[in-house]
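Working notes, beginning with the structure itself.
The values are calculated or read from the model by the stated rules, or taken from the named source; none is laboratory data. Everything quoted here is computed from the prediction, not taken from an experiment. Cβ coordinates were reconstructed from backbone atoms using ideal geometry, including for glycine residues, and neighbour counts include every protein chain displayed. Please note that ligands, DNA and RNA were not included when accessible areas were found on the heavy atoms of the full protein model with its side chains. Shrake-Rupley method; radii C 1.70, N 1.55, O 1.52, S 1.80 Å.
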Amino acid sequence: MPSPARSRLRLPRGRAADAALASGLFLVVGLGTLRSLIGAREEPWAVTAANWVLIAVACGALYFSSRRPVAAASVAALATAVYYVTSAYDGPLLLAVVVALFLVAAAGRLHAAVVIAALCLIGTALGTIRGNGDVNQVALFMLTGWFVAMITLGGLRHSHLARARETEERAATQERLRIARELHDVVGHHLSLINVQSTAALRRLTKDPAAGADQATEALGAVKDASREALRELRATLGVLREAGGAAPTAPAPGLGRLGELTDAAGAAGLAVTVHRTGDTGPLPVEADLAAYRIVQESLTNVARHARATRADIHLDGDGDGSRLTVTVTDDGRGPAADPARTGPPGSGITGMRERARALGGDLTAGPTPGGGFSVRATLPLARTTATEEPNR
């Protein structure tokens, strides 16, 4: 059974829309010019046939309006001018010029639309001055109003479409940045833990293979857990890039409820982590919960990779009214160790954390602490209208 969305009437697009416009306009103009085919004759049949060809040319030119709007409008205007000069029967062929001017302006060619309209008005005015009784000054004034109105509407249409395209491009850029942050946090965190644990295992086995076997086995077990978790989160993150109709990821979005996994992984890497909670820290909106989790995750990643720290403290402070959460991660590190083998550009972890906070209307600061070590402090506003929402489990 077809869905309601599929059963809706869909307007034609592209070439089909151009053909529909040209055909519909030809039908309207033809109905308005039928008296040239019936009734008393005011001109020879050869002239009438030639004028119907001009009608077909003026209306048919609009078929090319989406690809060559200025050329289509020029042809329509020229054919219309010749028609009104040679035909003894007045008709609504001027509609072709009016529609063509709108399409030219809607394509962003305002100057061209103004030039074509001005030439049409000048030609009509000259005909009026020479004694054309079909068009007087009032009709010329009304025609000017029609041209101005259609060019204005076309310009507004162009501006609206340009803003819509800009909004879509901005949304696509924001989505790419969001996915890039997710991939950076997921891959960076777990690969850092894998690097730390595998380096520790290799060092222990190199120094004393017999005595360090148990410790190396423990470290390799942590590597296995970290790699499995990295693959799981990576699959969930990449789920948003699947084709329509693909199965959606079933794993819940990470949040502070999984904070214990981060502290356990950091502990396996030799970093003692303590979590302090004060105030109202939950339940949180899904977006804020994910942002807080990723900020803590990236902060611990930076500590493990760069700080040469032995301990880290995580403070989760909620306001009394539950409108804001402050996440602070501090360590006792001594800063990055010199590593001549380390090359490449600096990381973007702090920038990504700051973008996460600002996306929710908050802010993030990071820098060394007076007593030594490093501190990351994020303030996240909480939209309590969605505070009771939970990820699908």
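If I filter the stretch 349-368 down to residues being open to solvent by less than 60 Å² (accessible area, probe 1.4 Å) and under 20 Å from Arg305 (Cβ atoms), which single residue comes out as nearest to the chain's Cα centre (by Cα)? Here the answer is Arg356. Considering Arg35, Arg13, Arg6, the condition of being modelled with pLDDT under 90, in a loop (DSSP other than H, G, I, E, B) and either exposed (fewer than 15 other Cβ atoms within 10 Å of the Cβ) or not acidic (Asp, Glu) (or both) is satisfied by Arg13 alone. For the stretch 338-391, what are the residues that are farther than 22 Å from Ser192 by Cα, polar (S, T, N, Q) and either assigned to a loop (DSSP other than H, G, I, E, B) or modelled with pLDDT of 50 or more (or both)? The answer is Thr365, Thr369, Thr379, Thr388. Of the residues screened, Val114 is not one that is among the aliphatic types (A, V, I, L, M), at pLDDT 90 or above, open to solvent by 20 Å² or more (accessible area, probe 1.4 Å) and more than 43 Å from the chain's Cα centre (by Cα).
In the condition set (1) open to solvent by less than 50 Å² (accessible area, probe 1.4 Å); (2) assigned to a strand (DSSP E or B), Ala291 is compliant with all but (2). Taking first residues from the stretch 80-101 that are in contact (Cβ under 8 Å) with a residue 24 or more places away in the chain and open to solvent by less than 60 Å² (accessible area, probe 1.4 Å) and partners that are assigned to a helix (DSSP H, G or I) and basic (Lys, Arg), the Cβ contacts under 8 Å between residues at least 6 apart in sequence or on separate chains come to Tyr89/Arg35. Among the residues of the stretch 294-324, those identified as modelled with pLDDT under 85, at negative phi and open to solvent by 20 Å² or more (accessible area, probe 1.4 Å) are Asn302, Ala304, Arg305, His306, Ala309, Thr310, Asp319, Gly320, Asp321, Ser323.
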